[in-house]
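Below is one structure; the comments refer to it alone.
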Amino acid sequence: MTAQAAPADGSLEGIIVARTAIAHVDGRAGRALIRGYLLQELAAKLSYEDVAYVVLTGDLPASERDRALFGSWIRAGARMNERDCAVARSLAEGRSEADALGAALVLAEDAVARAVVDPIERCARVMGRVPSVVAAVAGFEQPPIEWSYARRSLAALGATRVDAPSVRALEVLLNLESEHGLSASTFACRVAASSGANAGPSLSAACATLSGERHGGATARARAMLEAALAHGDVAAFVQAKHGAKERLPGFGHRVYKVADPRVPPLRDAVHAMGHAPLLDACDAVAEAAAPLFAPKGIHPNIDLYGSALLGTLGVDPERYVAAFALGIACGWLAHWAEVRASGRLVRPDNEYSGPAQRALP
Ligand SMILES: CC(C)(COP(=O)(O)OP(=O)(O)OC[C@H]1O[C@@H](n2cnc3c(N)ncnc32)[C@H](O)[C@@H]1OP(=O)(O)O)[C@@H](O)C(=O)NCCC(=O)NCCS
């Protein structure tokens with residue numbers, strides 16, 4: 001690895017800051033590999049539990065026994081006591097659910113999970129609690145622990161469509177969001193882990209970072225943009241006006257991908273499989289109108305554009321879109337937490353100082 005000059009803007013763009021065996025996102029080829037497997041293949045073919053197993057352990061369960069054991073850890077972690085449910089709910093009073101979730105994810109890990117020596121079991125238990133925390137923040141009943149992770153997530157998000165195709169559509173989105181290298185939130189999780197922080201607070205650090213509009217917060221803004229485009233009536237004119245005004249289109253662009261986001265086609269298929277979805281039509285129309293204006297600059301529709309159409313079609317309130325992203329990426333954050341805990345040093349970069357030289361107090 002050669003030394004690289006960090007950009008002065010603090011973005012760390014192009015700077016290698018860690019070695020990881022979890023994911024490789026190749027922005028030029030438009031390809032994401034998770035433990036060597038293509039992300040879109042994992043997403044389209046597996047359950048969230050199996051994807052999480054790959055992300056956390058490095059491969060698929062070798063036997064039904066392994067799969068069942070992992071499932072039992074997720075279920076064991078899922079049960080959240082009434083006191084913690086009340087704490088999570090109170091955090092949302094006077095705050096957005098996304099902001100509250102950042103703090104509430106500390107509750108995903110309790111003393112029982114912290115005492116578990118095997119890092120995979122500890123992560124599985126904490127992951128199992130994430131839908132419970134999301135439901136508690138929203139003030140919903142706790143989803144039954146024997147349900148699949150995707151079904152519990154759908155309930156925790158307060159979706160109005162809860163049939164089997166809807167559960168599977170959400171599962172594809174969760175799978176696609178499960179792991180994607182050093183996103184800002186994953187990096188935040190690694191920084192927290194490098195100090196020796198426990199899993200729960202490391203998830204809080206990650207989720208706080210996720211909530212911003214350049215990251216997970218983009219999904220709700222993409223939904224608002226789709227609604228505005230539909231209300232305008234002339235989608236092409238709507239997009240041209242945004243371009244003319246040099247406005248950023250939420251749901252477009254990516255720091256790493258300068259070619260098409262490979263997560264979009266499987267996500268589009270998942271929404272399509274749910275039947276007629278006006279928001280999907282709106283996505284396609286916005287993407288088509290934007291292509292000649294933005295694609296030459298390497299700005300393409302990203303997972304958040306089609307994710308907003310999927311969540312909208314499921315009847316999930318945009319207030320909960322950050323939570324939906326957190327439910328998906330939970331296993332990825334935890335895999336990075338475990339990787340750093342096993343081998344990491346404290347993250348402590350240097351900065352270029354631009355303040356005054358030493359001076360005496362008046
Ligand atoms: C994700 C994102 C922050 C990455 O951007 P980045 O790598 O930091 O890129 P920059 O902010 O340096 O922008 C580079 C250029 O592309 C333009 N650009 C980037 N994203 C754009 C978008 N969504 N719409 C319009 N123009 C965009 C910038 O205006 C800038 O143009 P300029 O060179 O003429 O000034 C950015 O694409 C964005 O804000 N997207 C919208 C939010 C979003 O969907 N986030 C979720 C990503 S999965």
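The values are calculated or read from the model by the stated rules, or taken from the named source; none is laboratory data. All of these numbers come straight from a predicted model, not from anything done at the bench. Glycine gets a Cβ as well: all are built from the backbone with ideal geometry, and neighbour counts include every protein chain shown. Surface accessibility is based on the protein's heavy atoms, side chains included, excluding ligands, DNA and RNA. Shrake-Rupley method; radii C 1.70, N 1.55, O 1.52, S 1.80 Å.
Entry note: region 180-290 has Rg to Rh equal to 1.06, where both radii use alpha-carbon atoms and Rh is the Kirkwood radius. Which log10 I(q)/I(0) values does region 301-362 give at q = 0.13, 0.25, 0.26 Å⁻¹ under the Debye formula, counting every alpha carbon as one identical point scatterer? Here the Debye-derived log intensity ratios amount to -0.66, -1.04, -1.07. The eigenvalues of the Cα gyration tensor, multiplied by 5 and square-rooted, give region 124-209 an equivalent ellipsoid with semi-axes of 26, 15, 10 Å from largest to smallest.
Summarise the accessible area of the chain (1.4 Å probe, protein heavy atoms) by the percent that is carbon and sulfur. Could you put the intermediate results ahead of the total?
On the way: 9150 of 17030 Å².
It is 54 percent, rounded to a whole number.
Accessible area per residue for region 1-103, computed on protein heavy atoms with a 1.4 Å probe, is 58 Å². Per q in 0.21, 0.30 1/Å, what log10 I(q)/I(0) does a Debye calculation on the alpha-carbon atoms of region 184-226 return? Cα-only, vacuum Debye calculation for region 184-226: -0.61, -0.90.
Sorted largest first, the spans of the alpha carbon positions of the chain along the three principal axes are 67, 58, 45 Å. Rg and Dmax of region 7-153, both derived from C-alpha coordinates alone, stand at 17.6, 51 Å. For residue 160, the solvent-accessible surface computed with a 1.4 Å probe is close to 110 Å², ligands and nucleic acids excluded. Relative to the compact-globule estimate of 2.2 N^0.38 Å, the Cα radius of gyration of region 244-362 comes out at 1.53. Summarise the long-distance tail of P(r) for region 71-192 by giving the % of C-alpha pairs beyond 22 Å. Percentage above 22 Å: 37.
Considering every Cα-Cα pair within region 74-135, what fraction, in whole percent, is farther apart than 13 Å?
On the way: 1087 of 1891 pairs.
For region 74-135, the share of Cα pairs beyond 13 Å comes to 57 percent.
Listed by chain and number, the lysines whose alpha-carbon sits under 17 Å from that of residue 246, ignoring those within fewer than 8 places in the same chain, are 297.
Can you tell me how much longer the chain between residue 59 and residue 90 gets when fully stretched, taken as 0.36 nm per residue apart minus their C-alpha distance, in nm with one decimal?
Numbers: separation 31, 0.36 × 31 = 11.16 nm, distance 3.91 nm.
Between residue 59 and residue 90, full extension yields 7.3 nm more.
Taken over region 235-301, the percentage of Cα pairs per 5 Å bin, counting from 0 up to the bin with the maximum distance, is 4, 16, 27, 24, 18, 9, 3, 0.
FRET efficiency for the pair residue 291 and residue 161, taken as 1/(1 + (r/R0)^6) with r the Cβ-Cβ distance and R0 = 51 Å, rounds to 0.95.
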